[in-house]
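The values are calculated or read from the model by the stated rules, or taken from the named source; none is laboratory data. These figures come from a predicted structure and were not determined experimentally. Note: accessible area is taken over every heavy atom of the protein model, side chains too, but ligands, DNA and RNA are not part of it. Shrake-Rupley method; radii C 1.70, N 1.55, O 1.52, S 1.80 Å.
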Amino acid sequence: QVQLVESGGGLVQSGGSLRLSCAASGSISKLGAMGWHRQAPGKQRDFIATITSGGSTSYADSVKDRFTISRHNANNTVYLQLNSLNPEDTAVYYCYANAQIPTNGRWGVYWGQGTQVTVSS
């Protein structure tokens, strides 16, 4: 079983910053790409950013140059630095990880429960 736990969400004023963290734990043989999606009220869940185990990154156009994804492989944690926030960034932010489990060697995608980010104008 793989668990992902996010932290760092909260309420921030427009123009402010937050740093989200997501720690993966449990029965993990290998971790592949990790990343973040977000879901605003009444909207679908959208891709935000991803980072490979080697550190290559990719971003949605809507957050490029404002958000930065990073990871610490030694503690199975992925981070998302959110800068220059605006009310349109208000959403629940979900992290995910591609992980190989030792019981059968299979890879799967695992999700966290989400952390709320609210940006006031």
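Tabulated data for the structure shown
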read-out	value
Surface accessible to a 1.4 Å probe, residue 6 within the full protein complex, Å²	30 Å²
Accessible carbon and sulfur surface of the chain relative to its total accessible area, %, 1.4 Å	46 percent
Per residue, in Å², the accessible surface of the chain once ligands and nucleic acids are set aside, probe 1.4 Å	52 Å²
Length-normalised contact order of the chain in % [C-alpha pairs under 8 Å, at least 6 apart]	37 percent
Net lengthening on full extension, residue 13/residue 111 (0.36 nm per residue, minus Cα-Cα)	32.5 nm
Additional length obtainable on full extension of the chain from residue 43 to residue 25, 0.36 nm per residue less Cα span	3.5 nm
